[in-house]
Each structure stands twice: as C-alpha cells, then as structure tokens.
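All remarks here apply to the structure that follows.
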Amino acid sequence: MPFLRTRPGPVARTAAAAAPPPPLLVTADPALAEDVCRLAAAAGTAMDVRSGVREAGTAWPGAPLVLVGADLVQDAAGCAPTRRDHVHVVARGGFPDHRFPAALAVGAQTVVELPAAEPWLVEALADAVDGSGPASRMVGVVGGCGGAGASTFAAALAAVAATHVGPTTLVDADPLGAGLERVAGLDETDGAGWLSLRESVGRLSSRSLRAALPQVEGTALLGWGEERREPVDPLVAREAVSAARRGSALVVLDLPRHADSASRELVQRCDDLVVVTPLALLAVAAAARTLSSLVGSAARLHLVTRGKAGSLDPEEVAAALGLPLAATMADQRRLEESVELGLGPLVARRGPLARAARATLAEVLGPVGGAP
C-alpha cells in the first residue's frame, strides 16, 4: 500500500515554497478535531485535518508536525508510515496501554492526552509554525549617557538590517523614553504595542506578532504609541522577544540606561550589546558607569562613538572603556529635521548614521552590502 510514501510533484513543491503547509491532524473523531483546531488557533495557525489514513498520505511528509488521533493510530500503524520527526499521538482522556505499540509503529515521539496536555500542545504547534531553525540574533543598544543618540542609532541599525539581512523587529524597551514611533517613521502607522501584549495570555506566535505590529520597509516596531506606559512583566517581555526572534532576521532593542526588571531580563538574552557615547569627557565617564550595570551579561560588547573627534580620540576612548570600537560617526546635518518630518533615520543613505549602522551590523553579523 503506498500510504505515506507519495512525494509531492512540482506543483505541490511550488505551492509549499510559497506558503508553508500547516500541521497535520489525522482523525475521524469530530470532537478531537474540534479540540485540536481550537488549540491550533491559540497557537496562531490552522490545521490540515484528514479524516482517514489514506487521505493523509500526501500531506504526511511535508507537514511541520503530525498529530495522529487515538482513533486511527492502529490503522496508521498497519500502513507502515514513513519515519519522520515531530509525530505525536493525541487522545481525548486516557490512552489504553495496548495501543502503545501502535504509537511506536507510527514513529510517535509522545502520546498527548487532552485536556491535561493542552498547554504543551499549544507550544508544540507554535514551534512547528515558527520553524525549527535557530533563533535570530538579538542586539541591544544603550546610551552611555543621556542624549547619546542611542534610540536613533537603534532605529538606524534596524533599518539597515531590514535592507541587507531580512525582516527586522525593533523593540522599544524604554518606558521612560520619548518613543521610537517617530524616530522610525512609524508614528502614523497603526498596530499593536506593549499594552496589547500585557493583555495576552500564553505563548506568542511569531507570525501573529509580526503581523500585528506597525511596519515600514521591513522593520516592525514593538513600541508604546500613545498608550499609558507601565512596567512590563519580565515574563511578557521574554515571550515577546522570543517570538520576535523566531520571526525576524534580527531583533534590535532600544534599552534604557536605568534598567527595570523587564529590561534586565532582556539584557541577559542579548547576543550583542552596543554602547553609544559622545566624544566628551563627562559622557565617557557616564558610559563607564553604564557598563558597570551590564556586568554579568554574556553578550558581546561593542562601542559606537558620536561627534567630532577633538580632545578625545575614538580609539583611546574604546581602550579606556575596554570595548572594541565598532564605528565612529560624525553628527549628521538635518537628522533631527528628518525625524521630525516622520521620514525615518536613514533619509541620507550615505550619511554618517547609515555608515555607522552598516559598520556595526558588519561587526555583529559579518559584512553587509555597502559596509565601509
């Protein structure tokens, strides 16, 4: 019997490339199908429900996750299905001991009993939809002192990454900041923000999160908008950036200098931390104190200096702070005007800000197009 050994033809492969297939459920039990579809909706996906073993044949190899209902596990075992990862048997209530050999025969990794295992199944479905590849890198940007221009640099770094690497998520993690909407050119774009996430429950789907956020030219922003700013629960912050990393090529965080519990949680999860400081004696002294607050983070540290080199040399500042110098940037003319007009930080694609962002991105990810 050719069950589960059929390979999709060229048309099927083309469609799969355009839109990844949904998880597969093989069951003839309407109540079980309803329960699983409800959980799939909570995970941000639909289910491909097949009511018979033969009907599941072409969908089995390409589905990101396969659930076999307890009602059909014996039939499926008798068809000697192709071995693959991410196969689970799902049952409503208990699963009889005498059916475990059949579960092993279909290659099931686990037997999922509902309703007890509902939270686990929601996470498994969310993971399947988001893909099994490694999460993207997360880069935090923090000002060494007040007025260093870290928020603008974070927005520029995200915009450069969106152009040269892929979809990027910019996260405003500073509840006391001025907000990144205007800086990123998104102040007139609707979308969800931290308040929406505070009201959410459970695991976040990366696709659902990205679709809900305001976006411009490949950059999605998780910010505050006009909403009332209250501290974010560290668990919510962790889940938000986890979903963002699964759905983006790069995540850029605009971090506050005076960390709260949520931002401390995020700092610990960063792969890289970029400290931005002006080339002024008091600013460098403040940057040294800011660095002391980052002690304990396993992230790689980088320094970006801003302003015209005068009495302070960028290389000497980097040596004094003990940081590798990722980029230096002169003050950019008319940058404030561009931001005020809602044009975003990279109107001048060859300006000092864009060049510094490309150089820093190259330090984090490797060379990018147009990097000096």
| remark: Scanning region 307-355 for residues that are open to solvent by 50 Å² or more (accessible area, probe 1.4 Å) and at pLDDT 90 or above gives Asp313, Glu315, Glu316, Ala319, Ala320, Gly322, Pro324, Thr328, Arg355
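Could you look through region 238-279, keep only residues that are polar (S, T, N, Q) and without any contact (Cβ under 8 Å) to a residue 60 or more places away in the chain, and pick out the one that is most open to solvent (accessible area, probe 1.4 Å)? Give the derivation first.
At the first step, the residues of region 238-279 found to be polar (S, T, N, Q) are 242, 248, 261, 263, 268, 277.
Still in the running and without any contact (Cβ under 8 Å) to a residue 60 or more places away in the chain: 261, 268.
Working: Ser261: 59, Gln268: 105 Å².
Residue satisfying both the conditions and the ranking: Gln268.
Please find, among Leu209, Leu213, Leu235, Leu222, the residue that is free of Cβ contacts under 8 Å to residues at least 60 places away in the same chain, over 28 Å from His164 (Cβ atoms) and not acidic (Asp, Glu). If you could, list the steps in order and put the result at the bottom.
Numbers: Leu209 fails: over 28 Å from His164 (Cβ atoms); Leu213 fails: over 28 Å from His164 (Cβ atoms); Leu222 fails: over 28 Å from His164 (Cβ atoms).
Of Leu209, Leu213, Leu235, Leu222, the one residue that is free of Cβ contacts under 8 Å to residues at least 60 places away in the same chain, over 28 Å from His164 (Cβ atoms) and not acidic (Asp, Glu) is Leu235.
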| field | Among residues of region 307-334, those that are assigned to a loop (DSSP other than H, G, I, E, B), under 18 Å from Phe153 (Cα atoms) and out of contact with any helix residue (DSSP H, G or I) (no Cβ under 8 Å at 6 or more places or on another chain), counted | value | 4
| message | Condition check: small (Gly, Ala, Ser), farther than 20 Å from Arg246 by Cα and surrounded by fewer than 15 Cβ atoms within 10 Å (Cβ to Cβ). Does Gly57 satisfy that? | response | no
| query | Considering only residues of region 162-171 that are modelled with pLDDT of 95 or more and of a type outside the set (S, T, N, Q), which is surrounded by the fewest Cβ atoms within 10 Å (Cβ to Cβ)? | reply | Val171
| request: Would you confirm whether any residue within region 118-134 is open to solvent by 60 Å² or more (accessible area, probe 1.4 Å), among the small types (Gly, Ala, Ser) and outside any helix (DSSP H, G or I)? | output: yes
| request: Among the numbered conditions (1) modelled with pLDDT of 85 or more; (2) in a helix (DSSP H, G or I), tell me where Val304 comes up short. | output: (2)
| Hey, any hits in region 9-16 for a residue that's of a type in the set (Gly, Ala, Ser), closer than 28 Å to Glu123 by Cβ and either at pLDDT below 50 or outside any helix (DSSP H, G or I) (or both)? | yes
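Return yes when Ala77 is assigned to a helix (DSSP H, G or I), out of contact with any Lys or Arg (no Cβ under 6 Å at 6 or more places or on another chain) and open to solvent by 20 Å² or more (accessible area, probe 1.4 Å) and no when it is not. Give the steps one after another, and end with the answer.
On the way: assigned to a helix (DSSP H, G or I): yes; out of contact with any Lys or Arg (no Cβ under 6 Å at 6 or more places or on another chain): yes; open to solvent by 20 Å² or more (accessible area, probe 1.4 Å): yes.
Answer is yes for this residue.
The values are calculated or read from the model by the stated rules, or taken from the named source; none is laboratory data. Here the structure is a predicted model, which is why all the values come from computation and not from measurement. Neighbour counts are summed over all protein chains in view; Cβ atoms, including those assigned to glycine, are modelled from backbone coordinates with ideal geometry. SASA here: full protein model, heavy atoms, side chains in, ligands and nucleic acids out. Shrake-Rupley method; radii C 1.70, N 1.55, O 1.52, S 1.80 Å.
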